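The values are calculated or read from the model by the stated rules, or taken from the named source; none is laboratory data. Treat the numbers as computed from the prediction; the structure is a model and nothing was measured. Note that each Cβ is placed from the backbone with ideal geometry, even for glycine, and that neighbours are counted across all protein chains shown.
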Amino acid sequence: METQTLGRILVTAKIESLEDLYMVDEGTLAADQVRSVQVHDALVDAEATILSMPKQLIEQLGLRPHRERKPWISVGSGTSQTYGAVRLTIQGRDCVTDVAEAADDCPVVIGRIIFNGMLDFVADPVNHRLIGNPEHGGEHMLDMY
């Protein structure tokens with residue numbers, strides 16, 4: 001029996017400072033001044049749960065520390081700083097989420113709560129992509145109950 005190796009799923013993600021977006025809504029910041037980053041190689045990881053980003057990108061977005069949490073990681077224990085909210089957009093779908101700090105040599109990681117729960121995508125590891133949830137006809141739906 002042959003074993004097939006499933007590849008990594010990388011996506012393009014736009015990540016914007018939610019604080020800046022609120023300031024645009026209030027009229028105190030011009031829309032072209034919103035701090036954002038475009039990441040062309042964000043890693044979709046079903047083993048992770050949330051959005052994590054390298055500290056350098058967090059600083060570019062001007063995110064404020066929110067709280068420290070103890071992460072579940074395979075390389076040991078410690079604490080991870082969580083930062084205030086961003087708007088994450090992938091393939092035209094967006095959600096608001098906090099950000100966990102990762103080391104600068106780590107990729108942006110999009111965990112299952114984000115891609116599956118909030119954006120209603122499922123991983124297609126054979127074709128190395130995210131697809132709209134087939135149970136919802138591929139449409140973006142929210143699970144309200």
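Filter the range 7-60 down to the residues that are exposed (fewer than 13 other Cβ atoms within 10 Å of the Cβ) and among the polar types (S, T, N, Q) and list them by number.
Thr12, Thr28, Gln33, Gln38, Gln56
If you take the residues in the range 128-145 that are more than 11 Å from Phe115 (Cα to Cα) and of a type in the set (Gly, Ala, Ser), which one is modelled with the lowest pLDDT?
Gly137
Collect the residues in the range 109-140 that are exposed (fewer than 14 other Cβ atoms within 10 Å of the Cβ) and closer than 20 Å to Val96 by Cα, keeping them in residue-number order.
Of everything in the range 109-140, those that are exposed (fewer than 14 other Cβ atoms within 10 Å of the Cβ) and closer than 20 Å to Val96 by Cα turn out to be Ile131, Glu139.
State whether the residues of the range 123-130 include one that is in a strand (DSSP E or B), charged (D, E, K, R), touching a residue at least 40 places away in the same chain (Cβ under 8 Å) and under 16 Å from Lys14 (Cα atoms).
No, the range 123-130 contains no residue that is in a strand (DSSP E or B), charged (D, E, K, R), touching a residue at least 40 places away in the same chain (Cβ under 8 Å) and under 16 Å from Lys14 (Cα atoms).
Name the residue that is farthest from Glu59 (Cα to Cα), counting only residues in the range 95-108 that are out of contact with any Pro (no Cβ under 9 Å at 6 or more places or on another chain) and surrounded by fewer than 17 Cβ atoms within 10 Å (Cβ to Cβ).
Among residues in the range 95-108 that are out of contact with any Pro (no Cβ under 9 Å at 6 or more places or on another chain) and surrounded by fewer than 17 Cβ atoms within 10 Å (Cβ to Cβ), the one farthest from Glu59 (Cα to Cα) is Val96.
Which residue out of Asp94, Asp105, Asp98 is more than 17 Å from Thr12 (Cα to Cα), at pLDDT 90 or above, in contact with a strand residue (DSSP E or B) (Cβ under 8 Å, 6 or more places away or on another chain) and not in a loop (DSSP other than H, G, I, E, B)?
Testing whether each residue is more than 17 Å from Thr12 (Cα to Cα), at pLDDT 90 or above, in contact with a strand residue (DSSP E or B) (Cβ under 8 Å, 6 or more places away or on another chain) and not in a loop (DSSP other than H, G, I, E, B) leaves just Asp98.
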